[in-house]
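The values are calculated or read from the model by the stated rules, or taken from the named source; none is laboratory data. Remember, it's a predicted structure, so these values are computed and weren't measured experimentally. Cβ atoms come from the backbone with ideal geometry, glycine included; neighbour counts cover every protein chain shown. Just the protein is used for accessible areas: all its heavy atoms, side chains included, with ligands, DNA and RNA removed. Shrake-Rupley method; radii C 1.70, N 1.55, O 1.52, S 1.80 Å.
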2 protein chains.
Amino acid sequence: MHKYHGNPIITPDMIPPSDKRLMVKGALNPGAVQLGKETLLLLRVAEGCIQTPGTVSIPTYEFTSSQPSLRVLHLSRSDPRVQIKDSRAVLVGDKEYVSTISHLRLARSSNGIDFKIDAKPFWMPVNPSEEFGVEDARITKIDDTYFINYTAVSGDSYGTSLLRTTDFKNVEYLGMIFSAPNKDVCIFPEKISGSYVALHRPFNHGFGKSSIWIAKSPDLIHWGQHQCLLRPGATLWESEKIGGGAPPIKTERGWLVIYHGKSLQGRADYYCLMVMLLDINDPSKIIYQGEQPILFPSASYETKGFVPNVVFLNGVVQTSDDSLLLYYSACDEVTCLAQCTIDDLIPQS
Amino acid sequence: MHKYHGNPIITPDMIPPSDKRLMVKGALNPGAVQLGKETLLLLRVAEGCIQTPGTVSIPTYEFTSSQPSLRVLHLSRSDPRVQIKDSRAVLVGDKEYVSTISHLRLARSSNGIDFKIDAKPFWMPVNPSEEFGVEDARITKIDDTYFINYTAVSGDSYGTSLLRTTDFKNVEYLGMIFSAPNKDVCIFPEKISGSYVALHRPFNHGFGKSSIWIAKSPDLIHWGQHQCLLRPGATLWESEKIGGGAPPIKTERGWLVIYHGKSLQGRADYYCLMVMLLDINDPSKIIYQGEQPILFPSASYETKGFVPNVVFLNGVVQTSDDSLLLYYSACDEVTCLAQCTIDDLIPQS
């Protein structure tokens, strides 16, 4: 695994904010796809309110008209109901808000390294299930159509919704495909034994710990036949929770799945990337599981930032020579690049 | 609402246990249906291990062969890892077990009041997603087929799975239709605007409180287009959480939905039954919501038992004269009967 020497390749200061009351805090967790000669990254752009002393300002979207409108709640920092939970969440009484609100934005490159950011958002919240923003796109190409799943966040928790496009200009909304609480959905790029297949990550906490599940669909819009596929704890690197990374990649040895593991090292949370292989004809069978992370937070841009010690992956571009470009995020803040071959990730058969 | 004077109508002592190591602790939360001249209740039979002094015995199912086999874990009560969480759950280290394990069993009556219990289970756990039992059946008749959804409980949390039958003898398993954590699923008895429709109850906790959601399906097996329909808090009786009751009933004024609300009264949890009407052509629209419970724990068999102050409903039989028979549970332990008309539940138009 070779981390690019010029990392990070995309930083928040490269992104014009979507509203003058907001500032960009993160350019992270992109879905990735090669579209003709262009590498497209569909970034999560996380924006926070410009804060004034003594005030906590929280962004949210309202849907009184057909368009979302940004509404900023201004609360006194001395209000006893207001509690800064961590860098990501604010409690107001017993209601939870997000400290940053996200939309999806395209970045484009002709060499896969140097990206130009679109001036306008690609996808903004469309209904109350997205009042706290849209996050973490993943792109799966099936035949000539691109399916984009993303996390819809609201006061009712987070679910996964789906878009369809052929050109990244005209986009169709297909509704929420996995109800809250569910994220980290990875759709396979073809039907297997007559069904579409996806990995998903319900918050199956209470009993057990957050695990990777697998489901089937006749049409990508409606899902069933859910099964728990992999639970946390196989290695120390994934002791606390796990979830899907990029959409699975077809290889001669099976479906290559890069997923994330969360572990507690001392007092700090670490997110790293792990790998497993699923049976090519029955992806509910795990045929190989790596024992060590393929990517671990070690560089300064991975260990110091908005949320320290996080590497996270939503998008991989497979180049023609068996090489993979991993567009991963560091510290929930910046986008980075790493390169490897499939042979680097899975053992020789 | 008339509670039957002979309540409860089914008690645990009427039920032969499924295994000699188990004793029946609850006969509760039945799905209900009229099949010819027979009223069928599909009970949740909750069984606990016969305990010996100084030992905590926990039931679970294993699936090493094609049949489930009961496995009883015997733990020392003085083991510091063993913690009796409440009447329903036992913690062993950080792993959670259930104190009782459930299967589904038929009860049959020719007058709707006096029930005979089948000697054998109707449905036993079939795979590891049911290792901690199967619970809380609901029955929806669509054309000539009965669809039975129930809660599948395991160390990976609880999801909702589906069965299909035409005669309650030959039964087909259709897989998990709502992944964990999700229960209280109520399937509508016909397609609406071309789709099957269900209410469901994800555990959307953290953000918000457990709410009633609505989803659509082309085939009852795969579900999508999820939306949050109703959140807790509309009345004091449903301040903590809500979830579906019996499958919706078609009326001239809209879809009649009886649901449960949980509230905290002083230091005690109360479960009662509430009512709402959904638009007949678009059930994602609530057109009426009751302000008072239609059923509330007040009789001694509703306030004293395995879990005090609980009334809970999964099954209603609509008799020909517009009268409803509610087969509800009290205290997560016994099955009771109440009778009312539709006019009793919803205001005159």
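Does region A:2-344 come out rounded, prolate or oblate by the C-alpha gyration tensor, with a ≥ b ≥ c the root eigenvalues, rounded set by a/c under 1.5 and, if not, prolate when a/b is larger than b/c and oblate if not? Working shown, then result.
On the way: a/c = 1.39, a/b = 1.36, b/c = 1.03.
Rounded, since a/c falls under 1.5.
Taking each residue in A:226-234, count the Cβ atoms of any other chain within 10 Å of its Cβ, then average. What number comes out? Display every interim value, and only then the final one.
Details: counts 13, 8, 10, 0, 0, 2, 0, 0, 0.
Average neighbour count from other chains, rounded to a whole number: 4.
Mind scanning A:LYS183/B:LYS209; B:LYS120/B:LYS169; B:LYS120/B:LYS141; A:LYS241/B:LYS85; A:LYS120/A:LYS169; B:LYS3/B:LYS169 and naming the pairs with a C-alpha gap bigger than 21 Å?
On the way: A:LYS183/B:LYS209 18 Å; B:LYS120/B:LYS169 12 Å; B:LYS120/B:LYS141 24 Å; A:LYS241/B:LYS85 23 Å; A:LYS120/A:LYS169 12 Å; B:LYS3/B:LYS169 32 Å.
Over 21 Å Cα-Cα: B:LYS120/B:LYS141; A:LYS241/B:LYS85; B:LYS3/B:LYS169.
Say a label goes 7 Å from Cα toward Cβ at B:GLU62 in every copy; what distances in nm does this one have to the rest, shortest first?
6.0
Rank these by accessible area, largest first, 1.4 Å probe: A:ILE148, A:ILE287. Intermediate results must be reported in sequence, preceding the final value.
Values: A:ILE148 0, A:ILE287 90 Å².
Per-residue accessible area, sorted high to low, gives A:ILE287, A:ILE148.
Report the local net charge at A:ASP143: Lys and Arg +1, Asp and Glu -1, summed over other residues whose C-beta lies under 13 Å from its C-beta. Numbers along the way, then the final one.
On the way: positive: A:LYS141, A:ARG164, A:LYS191; negative: A:ASP144, A:GLU190.
Counting the neighbours of A:ASP143, the net charge comes to +1.
Under 1.5 on a/c is rounded, so check that first for the protein assembly as shown, then, if it is not, pick prolate when a/b is larger than b/c and oblate when it is not; a ≥ b ≥ c are the square roots of the alpha carbon gyration tensor eigenvalues.
Working: a/c = 1.83, a/b = 1.58, b/c = 1.16.
Here the protein assembly as shown falls in the prolate category.
For peptide A:212-225, how many partner chain Cβ atoms fall within 10 Å of a residue's Cβ, on average? Display every interim value, and only then the final one.
On the way: counts 0, 5, 1, 6, 3, 4, 4, 4, 2, 7, 14, 10, 15, 8.
Mean shielding by partner chains, rounded to a whole number: 6.
Please sort A:172-182, B:151-161, A:217-227 by packing, taking for each peptide the average over its residues of neighbouring beta carbons within 10 angstrom, highest first.
Numbers: A:172-182: 23.1, B:151-161: 25.0, A:217-227: 21.4.
Averaged packing, sorted descending, gives the order B:151-161, A:172-182, A:217-227.
Can you order the peptides B:187-196, A:330-339, B:30-39, B:123-132 by their average number of other Cβ atoms within 10 Å per residue, highest first? Before the final figure, lay out each step's value.
Numbers: B:187-196: 16.3, A:330-339: 23.0, B:30-39: 18.2, B:123-132: 21.3.
Per-residue mean Cβ counts within 10 Å order the peptides as A:330-339, B:123-132, B:30-39, B:187-196.
Enter the accessible area per residue of chain A (Å², integer; probe 1.4 Å; all protein chains in place).
40
Specify whether the C-alpha gyration tensor of region A:221-266 places it in the rounded, prolate or oblate class, a ≥ b ≥ c being the square roots of the eigenvalues: rounded for a/c under 1.5, otherwise prolate if a/b is larger than b/c and oblate if not.
Values: a/c = 2.40, a/b = 1.48, b/c = 1.62.
Judged from the Cα gyration tensor, region A:221-266 comes out oblate (a/c at least 1.5, b/c at or above a/b).
Excluding B:PHE306 itself, what net charge comes from residues whose Cβ is under 9 Å from its Cβ, given Lys and Arg +1 and Asp and Glu -1? Display every interim value, and only then the final one.
Values: positive: B:LYS25, B:ARG88; negative: B:ASP332, B:GLU333.
Computed value for this residue: 0.
Kindly give the distances from A:GLN339 to its copy-mates, label point to label point, with each label point 7 Å from Cα along Cα→Cβ, as nm values to one decimal ordered shortest first.
Reported distances to equivalent positions: 8.1 nm.
If you average 1/r over all unlike Cα pairs in region B:133-278 and invert the result, what Kirkwood radius do you get in angstrom? All intermediate terms of the calculation are to be shown ahead of the outcome.
Numbers: mean 1/r = 0.0635 Å⁻¹.
One over the average 1/r among Cα pairs gives 15.7 Å for region B:133-278.
Measuring label to label, 7 Å along Cα→Cβ, what does A:ILE142 give against each other copy in nm, shortest first?
Taking the point 7 Å beyond Cα along Cα→Cβ, the inter-copy spacings are 2.1 nm.
Name the chain B residue with the Cβ nearest the axis that maps B onto A: which is it, and what is the distance in angstrom?
Spelled out, residue of B and its Cβ distance from the axis onto A: B:HIS222, 2.
So for each of A:271-278, B:5-12 I average, over its residues, the number of other beta carbons within 10 Å; can you give me the resulting order with the highest mean first? It would help to have the intermediate numbers written out before the result.
Values: A:271-278: 23.9, B:5-12: 17.0.
Put in order of decreasing packing, that is A:271-278, B:5-12.
Report the net charge of residues surrounding A:LEU230, where surrounding means a beta-carbon distance below 13 angstrom and charges are Lys +1, Arg +1, Asp -1, Glu -1.
Working: positive: A:ARG201, A:LYS209, A:ARG231, A:LYS241, A:LYS285; negative: A:ASP184, A:GLU238, B:ASP156.
Summing Lys and Arg as +1 and Asp and Glu as -1 gives +2.
May I ask you to list the aspartates and glutamates whose Cα is less than 13 Å away from that of A:LYS262, ignoring any residue fewer than eight positions away on the same chain?
List returned: A:GLU238, A:GLU240.
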